[in-house]
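As structure tokens, the structure follows; a few thoughts come after it.
All of the numbers you see were taken from the coordinates with simple rules; none came from a lab. This structure is a prediction, so every number in the text was calculated from the model and none was measured. Using ideal geometry, Cβ is built from the backbone for each residue, glycine included, and neighbour counts are taken over all protein chains shown.
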């Protein structure tokens, strides 16, 4: 994959120079299967385990409150657990789950850490909600309410830079836990992005793709340096179709989709499993475990910057400006840039598989 | 039967996954599958749908005739079996234009078929009776489950037998469904014909193809279809209805329980998967230590189908009768075994490696 090296260096130079020398060693959080057990793991930048927390079932992603040294692990959908734990202590406390709801696997804290928001399936009614939990000291993770998110099959949720709006990826796929993740509405899918005001749960704006792309499930999100929402999609239509899989949305405008070069789009195999911005928010990385490929995008122009082949690679997080850490289903963790060969910082293992997401804890 | 099954479990227990050596799949594997299995089955599906319409035409002319009604039931059972034999090929022509959902919308935890077919019958909307009109309506009102409901719901025979406006409309609607099924089957057959791009690529994988570039990709599609097909029978069709015991069984969760065609549908899928695999004639090309695998799949599938066919009651009633229920519980175990043969032995024997994240994305 060719890359415009000058353009890339320019991007790196333009990224705000963080106080790299003084910054604490970055840490990352991921779910994994080790032998037949599921756990959440904090690793360092070399992919080495620092702490593990046992999970009751297969995990997915996390809400992270770095300022208060804690995180919540969510069960993979249909997820019937969420577990809060201390990043330093590992002390864990399960969240309650109301009747008729299960977790979709993603969540985020409010800016002040007082509340936790989690995407959930109201599966008898057949629509998605954001569950709101008391995350204050002594709040015991009580579920204090829920917001409707104007869609079905919500997946990732992020807090916008204004600190009071949630952006929810409504994947559009109806599921019921009796049938696992089986799609129940492929013919009528209607994915969207929904912006929800956390003060009153009002849906401020929804953004949908054109009708011809109604089977393009919007699932994973990341914010770029300018506060725009980047999203990665999974296509539920025929494999021979080649819809664009990556897009960007700014409030008040229509979503823009970026297909990239034909070979990159073909290589992603109609599937993006995770989206992350680099440390400067200038490069967006999208992983496809199905295609064994990570693709990078310039957040300013939407141009594809390059790709890295990583078999079953899915978890992805910023390692620095223009640099990422990628975890894979074969147990390895690699450092990648928008070009060049990935550098494995942790080798593969036959007993270990990293799950979909890798999150930087601060 | 039981001793042979126990023997197979022993074989699996002493051969951990990955002990078979990988061999390249035959270059013409896709052609073998198409010629030896898919095309004849697609043609049989078209024919079976036509036979339902023919039987319905006789029954609708003599609405109270019990023998004509039973002849319809027999034809619907045969159509269910023909569909079972093709539904596991859930890629290409079956997923294009929502054909899978149009032919057999299932699972349906929210009871859409009952609601929508009920509403249509109540409204007696003659517009849907016009040639081709039903295909453009909801998937819930144009497939096998709609036929099952319209013809075999508790009051259906009485309504039709009264030979009044409601009865005549119901008969005409059932015929429209049968003809729509015939059309959808025709589309599937066309998609797999020599004229279709999809079938051409599947039969002759090549570097310039959009979808299948190597025989390994064709093999992977087949192995995934078998794995998904087994899972659909076991986890989606049987498990939710089975419950934990006779008291918690929910026979109305089974597909096509009203017509009593459930067993034929399920055994159709199991024998279909067996015959599909056989049509690949893989034995000769696999490594010596893996040649037992297709034979083991064949034998286990035969046992499962024979067991299901031998259940003396319609499956929805069998779930609450201890002896008949035991046969279904045995089938559940055997299906798990069949899945192990496929995923842990057949896949690696063909060099198919489906990653942890890629296999079951989110």
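Arranged by the count of other C-beta atoms within 10 angstrom, fewest first, what order do A:341, B:233 take?
Ranked by crowding around the Cβ, least crowded first: A:341, B:233.
Between B:192, B:83, B:292, which gets the highest mean-square fluctuation from a Gaussian network model of chain B, Cα cutoff 10 Å?
Of B:192, B:83, B:292, the Gaussian network model singles out B:292 as fluctuating most.
If you average the C-alpha positions of the stretch A:251-294 and of the stretch A:173-233 separately, how far apart do those two centres end up, in angstrom?
16 Å
Using Cβ counts within 10 Å as a stand-in for footprinting exposure, how do B:141, A:132, A:294 rank, fewest first?
A:132, B:141, A:294
What order do you get for B:360, A:262, A:298 when you list them from fewest to most C-beta neighbours inside 10 Å?
By the 10 Å Cβ count, ascending: A:262, B:360, A:298.
Based only on Cα atoms, what Rg/Rh ratio does chain A have, Rh being taken as Kirkwood's radius?
0.93
Taking the Cα atoms of chain B, report the difference between the largest and smallest coordinate on each principal axis, in whole Å and largest first.
66, 52, 37
Please say if the stretch A:205-347 is rounded, prolate or oblate, where rounded means a/c under 1.5 for a ≥ b ≥ c the square roots of the C-alpha gyration tensor eigenvalues, and otherwise the choice is prolate for a/b larger than b/c and oblate otherwise?
It is oblate, given that a/c is not under 1.5 and a/b is not larger than b/c.
Need one word for the protein assembly as shown: rounded, prolate or oblate. Basis is the Cα gyration tensor (sqrt eigenvalues a ≥ b ≥ c); a/c below 1.5 gives rounded, then a/b vs b/c decides.
prolate
Rank A:67, A:135, A:225 by mean-square fluctuation in a GNM of chain A with C-alpha springs under 10 angstrom and give only the top-ranked residue.
Top of the fluctuation ranking is A:67.
Which whole-number percentage describes the relative contact order of chain B, with Cα contacts under 8 Å and a sequence gap of 6 or more?
Worked out over chain B, it gives 28 percent.
Modelling each spin label as a point 7 Å along the Cα-to-Cβ direction, I'd like the residue B:204/residue B:21 distance in nm, to one decimal.
It works out to 3.3 nm between the two label points.
Relative contact order for chain A: what percent, with Cα pairs under 8 Å and sequence separation of 6 or more?
For chain A, the relative contact order is 13 percent.
Compute the angle between helix B:112-123 and the longest alpha-carbon principal axis of chain B, please, reported from 0 to 90 degrees and rounded to the nearest 10.
Result, in degrees: 20.
Rounded, prolate or oblate: which fits the stretch B:176-319 when a ≥ b ≥ c are the square roots of the eigenvalues of the alpha-carbon gyration tensor, with rounded for a/c under 1.5 and prolate only if a/b beats b/c?
oblate
Could you check which residue among B:177, B:159, B:76 shows the biggest mean-square fluctuation in a GNM of chain B with a 10 Å Cα cutoff?
In the Gaussian network model the winner is B:159.
Let me have the relative contact order for the stretch A:50-199, percent, based on Cα pairs under 8 Å that are six or more residues apart.
16 percent
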